Structures are given as structure tokens and as C-alpha cells.
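*Asks:* Sharing a structure with you now.
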């Protein structure tokens, strides 16, 4: 997943790839192995304490290594040559539409569904894992609500845009 990170007014394009229990984070030409730990991350084997005050999507204060920075994160939407972009299409294909449909953002194999029918979820709750291009991609709820229906089974190959589950 490619994201844009704003730190104290400076923008950075960052590639985040899940790699088993850790993440590969690439900024420019540098790649870091990041392992989430309580209170921070192990980054290339060194622990960095991190505190968060606020929401990264809306803007937050991030405490790192004894200093505080203003941080905000936003997804980067990449289009294939010839595709057009509209915010309405982005909403419906990302699983964040008002109806609560959680859709596959790309074609792939559904590895697991992390919720059950009747379970309550909040925005950004991990609901499924989709394998695409040999990478595991976390599918997050875009809305708060209750899981009404699961429309795909683990092991199933799905097309991009296919509704995986419905949240009411």
C-alpha cells in the first residue's frame, strides 16, 4: 500500500508491505523492517517508543524518540494508464461507501475473514486479509456498524470491487 505521510508540513511517499508478522516500509531509497511492539516499533532491530495523540487520518501529534511531530497520513490512489478517477468511484471500490459494503480493492485470493456475522466493528477494524501479487493486504472496515453478511469465503479468488462483506 502506498501512502502519503505529512510530518511537520513535509510530505513523504511511503510504501508499506506486510511481510508475515512485520512490515517493510520504504521511504525513498531506504527500506526498513518494522515490527509492532507495545509502545512502539522495532525498526531494523532498534526499539523506537512512539505515542499517538489524535487520528493519523485527521492529523495527530506523534511522540517519537523524545520529540513531538505533527503527522497526517493519506492513501495514494494509483490509476492504471487510461483509467479515470472520481471520488465516488474511490469510495465505492475502497469499501467505505455509506451502504457499508466492504469490497476487494484489487483482484486476489481471500486468505481470511477476521469478523463474524453479528460482530460490531469500528472504522479501521481489520475485517479480512486478501493476497494479491504475493503480498498480504489488510482490508479495513470503512464504517462503524454490525457485520450483516459475509459474501466471500477464505480461499476464494475474488475480482477487484467484489463485495466481501456488508456492515449495517
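The values are calculated or read from the model by the stated rules, or taken from the named source; none is laboratory data. What you see is a predicted model; the values in this text were computed from it and never measured. In this analysis, Cβ positions are derived from the backbone assuming ideal geometry, glycine residues included, and neighbour counts consider all displayed protein chains.
*Asks:* Just need a number here: residues in region 126-139 that are surrounded by fewer than 18 Cβ atoms within 10 Å (Cβ to Cβ) and touching a strand residue (DSSP E or B) at 6+ places or on another chain (Cβ under 7 Å). Step through it out loud before you land on a result.
*Replies:* As a first pass, look at region 126-139 and keep what is surrounded by fewer than 18 Cβ atoms within 10 Å (Cβ to Cβ): 126, 131-136, 138.
Then keep just the ones that are touching a strand residue (DSSP E or B) at 6+ places or on another chain (Cβ under 7 Å); that gives 126, 131-132, 135-136, 138.
Here the count works out to 6.
*Asks:* When the residues of region 34-46 are narrowed to those that are touching a strand residue (DSSP E or B) at 6+ places or on another chain (Cβ under 6 Å) and part of a strand (DSSP E or B), which ends up nearest to residue 14 (Cα to Cα)? Step through it out loud before you land on a result.
*Replies:* To start, the set of residues in region 34-46 that are touching a strand residue (DSSP E or B) at 6+ places or on another chain (Cβ under 6 Å) comprises 34-35, 39-44.
Next cut, part of a strand (DSSP E or B) only: 34-35, 40-43.
Working: 34: 13, 35: 16, 40: 18, 41: 17, 42: 18, 43: 15 Å.
Here the answer is 34.
*Asks:* Sort out which residues of region 151-162 are buried (at least 17 other Cβ atoms within 10 Å of the Cβ), in a strand (DSSP E or B) and at pLDDT 90 or above, and write them in order of number.
*Replies:* Result: no residue meets the conditions.
*Asks:* If you don't mind, another one. Limited to region 49-69, what total is found for residues that are surrounded by 14 or more Cβ atoms within 10 Å (Cβ to Cβ) and more than 20 Å from residue 4 (Cβ to Cβ)? Steps first, answer last, please.
*Replies:* First, pick out the residues of region 49-69 that are surrounded by 14 or more Cβ atoms within 10 Å (Cβ to Cβ): 50, 56, 60, 62-64, 69.
Retained after the next criterion (residues that are more than 20 Å from residue 4 (Cβ to Cβ)): 63.
Looking only at that region, the number is 1.
*Asks:* Out of 136, 122, I need the residue that is more than 20 Å from residue 1 (Cα to Cα) and touching a residue at least 12 places away in the same chain (Cβ under 8 Å). Which one?
*Replies:* On the way: 136 fails: more than 20 Å from residue 1 (Cα to Cα).
One residue alone meets the criteria, 122.
*Asks:* Please specify each residue of region 1-14 satisfying the condition of being loosely packed, with under 15 Cβ neighbours inside 10 Å and either over 19 Å from residue 59 (Cβ atoms) or under 14 Å from the mean Cα position of the chain (by Cα) (or both). Write out each step before concluding.
*Replies:* Quick first cut of region 1-14, residues loosely packed, with under 15 Cβ neighbours inside 10 Å only: 1-2, 4, 7-13.
Once the filter is applied, which keeps residues that are loosely packed, with under 15 Cβ neighbours inside 10 Å and either over 19 Å from residue 59 (Cβ atoms) or under 14 Å from the mean Cα position of the chain (by Cα) (or both), region 1-14 yields 1, 2, 4.
*Asks:* How many residues does region 132-162 contain that are under 18 Å from the mean Cα position of the chain (by Cα) and over 11 Å from residue 104 (Cβ atoms)?
*Replies:* The initial filter retains those residues of region 132-162 that are under 18 Å from the mean Cα position of the chain (by Cα), namely 132-144, 160-162.
Then drop every residue that is not over 11 Å from residue 104 (Cβ atoms), which leaves 133-136, 138, 140-144.
Result for region 132-162: 10.
*Asks:* Would you pick out the residues in region 15-43 that are more than 19 Å from the chain's Cα centre (by Cα) and loosely packed, with under 12 Cβ neighbours inside 10 Å? So that I can check it myself, show each step before the final result.
*Replies:* First pass over region 15-43, keeping only residues more than 19 Å from the chain's Cα centre (by Cα): 28-30, 38-39, 42-43.
Correct list: 28, 29, 30, 38, 39.
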